[in-house]
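First comes the structure, then the notes that go with it.
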Amino acid sequence: MKNFELLFDLIADHPGLNIALIDDGSYDCEDKLVKFCQSINAKLYIKSLIPRNHIHGEALHVEEFKFTQERYNKQALQYDFLFICANIEDIKDMDSVANKIYRALKNAANLFLVVNKNMQFDFCTILEKSNFVALNTIDLNDEVNVVSAKKMHGWTKV
């Protein structure tokens, strides 16, 4: 995906960051994110919606993933950044998915959600209902935008 690497400018170069990627192979995100995480000494957790056949190295944690699972993080690990590079337009209970994403993030963490431009408003509304703030859209190409959102300490339990 053209211009995807520009999102990395929004991530401070602090070693020890925990970054997660939910991926189904729909977009060309994984290899770019792997290289970036290696360059800043961050841990990358790939939540794969498809079978895997390649490994990238020790700083990479790959596990099978389904949006219907009860929790999106393991052993109370929370992520500093979460990228969703998957076709999510057909998920029936997106409100529940947004709530589980919110709980998997640290306070002040960022979410980057790749969506078709014609669906970005719907996803912004869903994320806002789940207590995300600072919602913005970032233009990647003619068909796809990234919705960015931030988890901040809020009053609502999701």
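The values are calculated or read from the model by the stated rules, or taken from the named source; none is laboratory data. Note that the structure is a prediction, hence the values are computed from the model and not measured. Note that we place each Cβ from the backbone using ideal geometry, even for glycine, and neighbour counts take in every protein chain shown.
Search the stretch 3-13 for residues being out of contact with any helix residue (DSSP H, G or I) (no Cβ under 7 Å at 6 or more places or on another chain) and at pLDDT 85 or above, and hand back the single one that is surrounded by the most Cβ atoms within 10 Å (Cβ to Cβ). The qualifying residue surrounded by the most Cβ atoms within 10 Å (Cβ to Cβ) is Leu7. Testing Leu77 on (1) surrounded by 14 or more Cβ atoms within 10 Å (Cβ to Cβ); (2) among the aliphatic types (A, V, I, L, M); (3) closer than 19 Å to Lys151 by Cα, one condition comes back false. Which one is that? Result: Leu77 fails condition (1) only. For the stretch 39-60, the condition holds for no residue, the condition being that it is under 17 Å from Val147 (Cβ atoms) and under 14 Å from the mean Cα position of the chain (by Cα). Here the stretch 127-158 is the region considered, the condition is being assigned to a loop (DSSP other than H, G, I, E, B) and of a type in the set (Asp, Glu), and the residue that is nearest to Ile84 (Cα to Cα) is Glu143.
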